[in-house]
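Written below as structure tokens is the structure these notes are about.
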Amino acid sequence: MRIEKNTVVSLNYRMLNREGQIVEEAETPISYLHGGYDGIFPAVEEALHEKEVGHSLSILMEPEDAFGGYDAELMRIEPKSAFPEGVTVGMQFEGGEEESDDMMIYTVTDVTEDIVVVDGNHPYAGMALQFECTVVDIRSATTEEMMHGHVHGPDGHHH
């Protein structure tokens, strides 16, 4: 079977930074719905189109093709009193502008006696990444998966 629109593709993958260090690696295969459903990076999806099980790919993605550029405006300095007691670096909080319905995940990057620094950028924002993968399975998507635009687990629909 070839990878085409409305197939579910399962991959083993890893991402490396420019220095060749692994920044992320799947312990188990990931699956995505192929065909423009935004389940994987568009450059990877395009490169995998019409490939078969066993195909390996290595593609360099510039920041704009991966997690975007780093946006300094997404870094915020907030009073420590606005956070729960015991706030530590690495904790994540949901937040956004009061006049907007868009919520973001902010990661705490620094904590002092009076302030907390949070960053709304993805941890890999601004990084060029080498995406390496091997196709381990391809199957036809179910009607429900195509209607919902994403892969469902073995027991059906999960969000």
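Values in this text are rule-based calculations from the coordinates and carry no lab data. Because the structure is predicted, anything quoted here is derived from the model rather than measured. Here Cβ is always computed from backbone atoms with ideal geometry, including for glycine, and neighbour counts include all displayed protein chains.
Across the options 72, 1, 91, the greatest Cα extent toward the positive end of the charge dipole of segment 1-122 (unit charges at beta carbon of Lys, Arg, Asp, Glu) belongs to 1. The calculated 222 nm mean residue ellipticity attributable to helices in the chain amounts to -2000 deg cm²/dmol, summing -39500 (n - 2.57) over DSSP H runs of n ≥ 4 and dividing by all residues. Dipole magnitude for the chain: about 780 debye, using +1 per Lys or Arg Cβ and -1 per Asp or Glu Cβ, origin at the Cα centre. Across the chain, the relative contact order, built from alpha-carbon pairs under 8 Å that are at least six residues apart, equals 34 percent.
If you average 1/r across every pair of different Cα atoms in the chain and take the reciprocal, what Kirkwood value do you get, in Å? Mind showing how you got there, number by number?
Values: mean 1/r = 0.0555 Å⁻¹.
The Cα-based Kirkwood calculation yields 18.0 Å.
With K and R counted +1 and D and E -1, the other residues having a Cβ less than 9 Å from that of residue 59 yield a net charge of -2.
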